[in-house]
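Structure record follows, encoded as structure tokens.
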Amino acid sequence: MFEHPLPSTIKPLKLARQQGKLKGFMPLTQLPALLADGSEPEGRVEADLQLEMQGRWPVLHGVANASLKMQCQRCLDAVVVPLHADISLGFVQSEEALEQLPENLEPFLLEEEEIPLADVLEQELILALPIVAYHPECQHAPYESGEEVTETADEKPNPFKVLEQLKGNVKKSDP
């Protein structure tokens, strides 16, 4: 389905004027911040993106999908986490223009004419990361399962019993 590699950089204004479409893949090794938590750099990001002019705003719409191998926080084994990001970005060239951008678009401030596509995909996929990665079938730890731990008082002798006996002896000896 996604047979062609995505370009490393794009010119959003130029592509939006030309109604550009980008459909392809990018190796996860090009997204170092996404892999910063110790995820394995295996796999790729697949994206289907379209740039167009919406009024006077160049916009980027599309989806990005990836499968990230992370560490399960319950059993500490590897777990594959599917990531899906719906992308709706509006490109602006000044901070004043940020306020005028339609609310259905996330702002992206263009500081240069050409931007790394990996940075855009990486930011969107980081927002799609789960708070905690885990296998759905993993068992909860006992402290999370709701089972109450019961201790009986008969198991351990009360260390203050001896003091109680001494206290009784002191009262009897007082005139």
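Quick note: the coordinates plus some simple rules give every number you see, no bench work behind them. Because the structure is predicted, anything quoted here is derived from the model rather than measured. FYI the Cβ positions are ideal-geometry reconstructions off the backbone, even for glycines, and counts take in every protein chain you see.
Using modelled amide H (1.01 Å from N, peptide plane; none on Pro or chain starts), what sits under 5 Å from the amide H of R44, excluding residues fewer than 5 places away?
Correct list: L28, S67.
For the residue pair H4 and I131, what label-to-label distance in nm results when each label sits 7 Å from Cα along the Cα-to-beta-carbon direction?
Output for this residue pair reads 4.1 nm.
Please report the equivalent ellipsoid semi-axes of region 1-128, computed as sqrt(5 x eigenvalue) of the Cα gyration tensor, largest first, in whole Å.
Working: eigenvalues 167, 50, 29 Å².
The answer is 29, 16, 12 Å, longest axis first.
Using DSSP to call loops (not H, G, I, E or B), can you name the trypsin sites (Lys or Arg not before Pro) in region 32-78 whose Cβ has at most 14 other Cβ atoms within 10 angstrom?
Listed in order of number, the matching sites are R56.
For region 103-116, what does the Karplus curve 6.51 cos²θ - 1.76 cosθ + 1.60, with θ = phi - 60°, yield as ³J(HN,Hα) per residue in whole Hz, taken in order and with x for Gly and Pro?
Result, rounded to whole Hz: 5, 7, 10, 7, x, 9, 7, 8, 9, 9, 5, 10, 10, x.
In sequence order, what are the phi-derived ³J(HN,Hα) couplings for region 18-26 according to the Karplus relation 6.51 cos²θ - 1.76 cosθ + 1.60 with θ = phi - 60°, rounded to whole Hz, with x for glycine and proline?
My calculation for region 18-26 gives 8, 6, x, 10, 10, 9, x, 10, 9 Hz in order.
What GluC sites (Glu not before Pro) does region 1-90 have in DSSP loop regions with at most 11 other beta carbons within 10 Å?
Answer in residue order: E3.
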